[in-house]
Amino acid sequence: MVTGTADFVVIANRLPVDRVTSPDGGTMWRTSPGGLVTALEPVMRRNGGAWIGWHGAADEKLKPFVHNGLHLVPVHLSEDEVAEYYEGFSNSTLWPLYHDVVAPPEFHREWWDAYVRVNRRFAERAAKIAKPDAVVWVQDYQLQLVPTMLRELRPDLRIGFFLHIPFPPAELFQQLPWRRQILEGLLGADLVGFQMPGAAQNFVRLVRQRVGHKTHRDMIYLPDGRTVLAQAYPISIDAAGFEELARTPEVIARAAEIRESLGNPRTMLLGIDRLDYTKGLRQRLRAFGELISDGSLHVDDAVFVQVATPSRERVDQYKILRDDINRLVGRINGDVARIGQQPVTYLHASYPRAEMAALYRAADVMVVTPLRDGMNLVAKEYVACRYDDRGALVLSEFAGAASELKSAYQVNPHDINGMKSMMLAAINASPRENARRMKAMRKQVMENDIELWAANFLRELTLVRNPHAKNPRP
Ligand code: GDG
């Protein structure tokens, strides 16, 4: 990509591609499955867009390249930076801190230094490739310093930021030794987007208290005359794409095959999550295990399939979690002590999208019980796949999705007894009752897809007044 040619720039920790081995043994790029790429691809094509991100391998410098018509700009990370910026500060400091400290966040000054260094590298990259007055959209918690670093280099740009995870209340955020720098980093954006209104309010309140800027509702007034807007944009999925996939004969056949290989149980419950301590896997499995051991559910009637996609495997808390879940599943299955009967089928693996759709189609009850979650796309994907209006969703009230999916069977994942009774309610409800709930949820998901999410955010971003741009309303 030639310097200064992009009208629209996305900056994310990862590029939207994975390297795969081709049949002839060589390597090639494959677009990674994900709603964000799907939503932004058309915008990128229309605007000569570029995507800046890490390509996933340490200590490797790659030149910008084009894949499927998308301009991709790889950012280099050293082995130490992966450990300190990514696994360290991003995933062992910010991730637990922003998720209600459900695991203890670690604070290390070297990690912070790496975070600053890497954020600057991303900002410098963007400053080089963005055209005058271009729109730049920065994604997520790994890059919270980029907006201000980039604005210092390129005051003409229109900069948006979206946080995919929760933004914590002041009482927790203040633990961070670098709290002021993070707030000031985000204030370089014209528009700061969050999943939930409460998160935007947490941010505005912190800016007022810690940085001392004037605020009014969702607006922050900076001394230089600029304003920053903090608003909620609940993210969604490619809903039509999921439904279409779920309607294919292959997926329908595979769903039947899955149920068959589980012994055609009366009820199949399903969980699909990255193996992450925020997702409430322990609580959910305990609740199901107790339903079996106390006789509320019979092992002949109900099976729980839990897919736990490997994630952040070098981070200590994730290693501990992996062992814990292995032990817990072993105990639940062992306690039943009947040959050929396993109440929990545990799959520590990742699957293609079509297999995910088949699992969604096969499951009678989808169980999504995070202790805290920005949104939770799995809940929405399940709903999008249930064009038959069957199935039931058990959903934690601490997932962002809970405020949209009001007809789910909502639970407090810390309350094991409450979860047990909600799972039973979902299992035993009449088909009519579950269809009523599913219809309401489908209306919400199908009408609010990821394309609309991106369009809403970008429209607001182009409306924000930027006194430094030569061409303030492109
Ligand atoms: C963060 C926030 C927010 C999972 N396993 C496989 C697979 N997946 C896909 C799911 C879903 C996605 O990964 C997971 O999204 P979630 O929203 O559930 O959770 P996080 O990964 O924690 O995402 C979250 C999200 O960002 C978006 O803003 O909602 O709150 O934490 O799409 O389908 N996909 C495939 N194989 C797998 O094995 N193909």
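The values are calculated or read from the model by the stated rules, or taken from the named source; none is laboratory data. It should be emphasised that the depicted structure is a prediction, and the values quoted were computed from it without experimental measurement. Cβ: placed from backbone, ideal geometry, glycine included. Neighbour counts: every protein chain shown. Each accessible area value is taken on the protein alone, full model and side chains, heavy atoms only, with ligands, DNA and RNA left out. Shrake-Rupley method; radii C 1.70, N 1.55, O 1.52, S 1.80 Å.
Remark: spin-label model distance Q174-R432 equals 5.4 nm, labels positioned 7 Å along the Cα→Cβ axis.
Straightening the chain between D300 and V211 buys 26.1 nm, computed as 0.36 nm per residue apart minus the Cα-Cα spacing. Kirkwood analysis of the Cα pair distances in the range 239-447 returns a hydrodynamic radius of 17.0 Å. Going 7 Å from the Cα of R274 along its beta-carbon direction, which residues of the range 124-146 have the amide nitrogen within less than 20 Å of the resulting point? Answer for the range 124-146: 138-146. Both radii come from the Cα set of the chain: Rg as radius of gyration, Rh as Kirkwood radius; their ratio Rg/Rh reads 0.98. Model label points for A58 and A232, set 7 angstrom from Cα along the Cα-to-Cβ axis, are 3.9 nm apart. Working note: 222 nm ellipticity from helices only, DSSP H runs with n ≥ 4, each -39,500 (n - 2.57), summed and divided by the residues of the chain, gives -12000 deg cm²/dmol to the nearest 500. Charge dipole (Cα centre; +1 on Lys/Arg Cβ, -1 on Asp/Glu Cβ; no other charges) of the range 239-447 amounts to roughly 200 debye. On the basis of the beta-carbon distance and an R0 of 51 Å, V336 and K439 show a calculated FRET efficiency of 0.90.
For every other residue with a beta carbon closer than 9 angstrom to the beta carbon of F398, add +1 if it is Lys or Arg and -1 if Asp or Glu, then tell me the sum. Please report the intermediate quantities before stating the final value.
Working: positive: R372; negative: D100, D373, E397.
Summing Lys and Arg as +1 and Asp and Glu as -1 gives -2.
Using 0.36 nm per residue, how much length does the chain from E152 to F65 gain when fully extended, once their Cα-Cα distance is taken away?
Numbers: separation 87, 0.36 × 87 = 31.32 nm, distance 2.71 nm.
Taking 0.36 nm per residue and subtracting the Cα distance, the gain is 28.6 nm.
Stretched out straight at 0.36 nm per residue, the stretch from K319 to V101 would grow longer than its current Cα-Cα span by 76.7 nm.
Here's how it looks for A232: its modeled amide H is under 5 Å from those of F194, which are all 5 or more places away or on a different chain. Report the Cα centroid-to-centroid distance between the range 270-298 and the range 188-226 in angstrom, as an integer. The range 270-298 and the range 188-226 have Cα centres separated by 39 Å. Remark: the chain carries a charge dipole of roughly 1120 debye about the Cα centre, counting +1 on each Lys and Arg Cβ and -1 on each Asp and Glu Cβ. For the range 239-447, with all protein chains in place and a probe radius of 1.4 Å, 48% of the accessible heavy-atom surface sits on carbon or sulfur.
First check a/c for the range 278-345, with a ≥ b ≥ c the square roots of the eigenvalues of its C-alpha gyration tensor; if it is under 1.5, answer rounded, and if not, answer prolate when a/b is larger than b/c or oblate otherwise.
Working: a/c = 2.45, a/b = 2.15, b/c = 1.14.
Prolate, since a/c reaches 1.5 and a/b exceeds b/c.
Descending by average beta-carbon neighbour count within 10 Å, the peptides 351-357, 59-65, 361-367, 12-18 line up as 361-367, 12-18, 351-357, 59-65, the highest first.
Can you give the accessible area per residue of the chain, in Å², using a 1.4 Å probe?
Working: 19710 Å² over 474 residues.
Accessible surface, normalised per residue, equals 42 Å².
Here the simple spin-label model places points 7 Å from the Cα toward Cβ, and for A256 and S293 these points are separated by 3.8 nm.
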